[in-house]
Amino acid sequence: MNRLRSTSGDLLNIFEHDITAEHVAERLVSCQADVSCDDALRVMRERDFDVLGVREEGLVCGYVRREELGTGKCRNYKRAFQAPELISESTPMVELLQKLGGVSRVFVLYGTRVDGIVTRGDLQKAPVRMFMFGLITLLEMNFLRIIRFYCRNGSWQKILTHSRLQKAQKLFGQRKERNEGIDLVDCLELCDERRIVLSIEEVVDAIHMEPKTINKFLESVEELRDRLAHSQDLVQGLSWPKVINLVAGIRDLLQKLEQVAT
């Protein structure tokens, strides 16, 4: 197997399985079942919680939602945990994102006990950003591999505008002065790689998407990459389901590109 492809696959395995729900989960704050709804609401408002765990006989056995609490005791409004909203602390980030694509929160099992919670807001945390940025970096690695395979002898240069090529050449010159062992291809930005890769018919055929659709998708990937790189809000002007679907699309594209230029 080509070593670059093997390395890409190894790294993908690390990103997908070694970053887990445990890295972003928060402790599920809970109260006794006989606590009054007024007391529970006060805690939830003070700490900006939407849910609060409910304990009976020392174990968290369910939860209450702030918008559902009325008068009386919390036990009267307790919701039991359902299988679709439970995950293990070792759940890979890929599966966690899939879960949060359809719900706003999941509860985390540590062994057999529910003791944690992950909300969509937790997806702004550094481990999730590392995961997303890692996927985009792997995408770029595959783009460079494909460019080197199909565009030998610098034939890709005629695809770029003069200004974009000049920018890459300037960066290449700066890196050569520092005696960095790279070539001109390594100085391309993601927008350049996108333009070149989408000019290769074999690649477009392997992706099984219309070129305009692929291009629009990759523009969204670039926007996400920029937000990650500059620590910006990941969902400003978007929604978490859209961001999560974008990440799923990146994974799907990576799998398709692995079969290109083999």
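Observations, loosely collected:
- Given charges at Cβ of Lys, Arg, Asp, Glu: region 75-138 dipole, positive-most of ALA126, LEU138, LEU100: LEU100
- Here region 126-257 is described by how far its Cα atoms reach on the three principal axes: 42, 35, 24 Å, from widest to narrowest.
- Counting neighbouring beta carbons within 10 Å and listing from fewest to most, the residues ARG79, ARG164 come out as ARG79, ARG164.
- With the simple model of a label 7 Å out from the Cα in the direction of the Cβ, SER90 to GLU223 spans 3.9 nm.
- Taking a sphere under 13 Å around the Cβ of VAL43 and counting the other residues whose Cβ falls inside, with K and R at +1 and D and E at -1, yields a net charge of -1.
- When the Cα positions of GLY58, ALA33, THR20 are compared along the charge dipole of region 1-101, ALA33 comes out farthest toward the positive end, with charges on each C-beta of Lys, Arg, Asp and Glu.
- Fewest-first sequence of SER36, SER239, SER8 by Cβ atoms within 10 Å of each Cβ: SER239, SER36, SER8
- For the chain: Kirkwood Rh in Å [reciprocal of mean 1/r, alpha carbons]: 21.2 Å
- Using the Cα coordinates of region 42-93, the gyration tensor eigenvalues translate into equivalent-ellipsoid semi-axes of 22, 14, 11 Å, sorted from longest to shortest.
- Modelled FRET efficiency - R0 41 Å, GLN124 with GLN174, Cβ distances, 0.05 increments: 0.75
- In plain terms, the chain is cut at each of the GluC sites (Glu not before Pro) found in a DSSP loop with at most 10 other Cβ atoms within 10 Å, and the longest leftover piece is 58-179.
- Label point 7 Å beyond Cα of ARG55 along Cβ direction - residues of region 100-142 with amide nitrogen under 15 Å: 113-116
- Taking region 113-140 and a reference point 7 angstrom along Cα→Cβ of ALA248, the backbone N atoms nearer than 17 Å belong to 120, 132.
- Label sites at ASN153 and ASP183, each approximated as a point 7 angstrom past Cα along Cα to Cβ, lie 1.3 nm apart.
- Packing-based exposure ordering (other Cβ within 10 Å, fewest first) of MET132, MET141: MET141, MET132
- Counting only residues at least eight positions apart within a chain, or on another chain, the lysines with an alpha carbon under 16 Å from that of LYS158 are LYS167.
Where a number appears in this text, it was derived from the coordinates with a stated rule and is not lab data. Computed from a predicted model, the values in this text were never measured in an experiment. We place every Cβ from the backbone using ideal geometry, glycine too, and count neighbours over all the protein chains shown.
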